[in-house]
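The values are calculated or read from the model by the stated rules, or taken from the named source; none is laboratory data. Please read these numbers as outputs of a predicted model, since none were measured by experiment. All Cβ positions, glycine included, derive from the backbone under ideal geometry; neighbour counts span all protein chains shown.
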Ligand SMILES: NC(=O)c1ccc[n+]([C@@H]2O[C@H](COP(=O)([O-])OP(=O)(O)OC[C@H]3O[C@@H](n4cnc5c(N)ncnc54)[C@H](OP(=O)(O)O)[C@@H]3O)[C@@H](O)[C@H]2O)c1
């Protein structure tokens with residue numbers, strides 16, 4: 001995996017809510033962003049929604065165009081898609097934002113570890129954005145005016161530096177939560193976040209976890 005000092009090219013697999021929120025954010029700060037879709041030819045108003053600078057390709061072409069690949073698929077699609085494109089994902093940084101919910105591995109692994117094991121030797125996987133509702137990309141600051149936090153984890157310290165910069169660049173604050181094994185906690189935080197959001201904010205999807213030290 002080689003990432004140069006210029007803004008890395010980003011590919012996003014999926015064209016749904018999170019793909020659009022992340023894609024718009026990275027386009028706004030000057031990244032090349034390619035979206036990978038099962039049916040790119042049917043996405044007629046995609047550029048209107050996301051921006052004229054966006055590119056929409058098939059999944060293979062998007063992965064080929066990106067240095068950092070964000071998986072923004074329903075979790076039940078992740079294993080098959082990653083298996084199909086494993087050889088192309090091997091030399092890239094892969095950010096897994098997907099939430100397993102009831103498909104949480106029952107051996108204590110995180111879902112991002114499963115993604116890494118399917119990609120195989122040479123995989124560089126980051127778990128991130130799992131605990132950030134898509135709606136919060138519209139206002140990255142919390143009610144105190146401070147940036148909302150993005151919890152992330154990876155086994156690769158060099159890649160963590162790149163991910164931190166990426167997260168800062170779109171207005172959020174990165175919080176390093178450790179290794180991919182430790183990312184199992186992030187998987188479990190998501191149902192809690194949804195439950196709390198539903199209870200406290202009537203399901204407005206505007207809640208974010210925050211560390212407070214004073
Ligand atoms: N929504 C949130 O607030 C949020 C927050 C954090 C994390 N996440 C996680 O991010 C992932 C994406 O969430 P999302 O809300 O963006 O989902 P979404 O709006 O349903 O979009 C998923 C995209 O995946 C692609 N896809 C490929 N195979 C699919 C299939 N069998 N069924 C449906 N779509 C398929 C589709 O793009 P094409 O049709 O172009 O292939 C679709 O637009 C999920 O794993 C979710 O848990 C979501």
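Hey, among 62, 112, 21, 116, which residue is over 30 Å from residue 139 (Cβ atoms) and part of a helix (DSSP H, G or I)?
Testing whether each residue is over 30 Å from residue 139 (Cβ atoms) and part of a helix (DSSP H, G or I) leaves just 116.
Each residue in the stretch 1-49 was checked for being near the ligand (Cβ under 10 Å from one of its atoms), modelled with pLDDT under 95 and under 19 Å from residue 68 (Cα atoms), and 0 pass. Among the residues of the stretch 32-45, those that are in contact with a strand residue (DSSP E or B) (Cβ under 6 Å, 6 or more places away or on another chain) and over 19 Å from residue 97 (Cβ atoms) comprise 40, 43.
How many of the residues making up the stretch 85-102 are within 13 Å of the chain's Cα centre (by Cα) and within 12 Å of the ligand (Cβ to nearest atom)? Before the answer, list the steps.
Here is the first cut: in the stretch 85-102, the residues within 13 Å of the chain's Cα centre (by Cα) are 93-99.
Those left that are additionally within 12 Å of the ligand (Cβ to nearest atom): 95-99.
Residues that pass the stated criteria total 5.
Here residue 91 fulfils each of the conditions (1) modelled with pLDDT of 95 or more; (2) assigned to a loop (DSSP other than H, G, I, E, B) apart from (1).
Could you check the stretch 128-171 and list, in sequence order, the residues that are more than 27 Å from residue 109 (Cα to Cα), under 14 Å from the mean Cα position of the chain (by Cα) and in a loop (DSSP other than H, G, I, E, B)? 170 - this is the single residue of the stretch 128-171 that is more than 27 Å from residue 109 (Cα to Cα), under 14 Å from the mean Cα position of the chain (by Cα) and in a loop (DSSP other than H, G, I, E, B).
When every residue of the stretch 140-149 is checked against the conditions, none turns out to be closer than 22 Å to residue 6 by Cα, touching a strand residue (DSSP E or B) at 6+ places or on another chain (Cβ under 7 Å) and in contact (Cβ under 8 Å) with a residue 24 or more places away in the chain.
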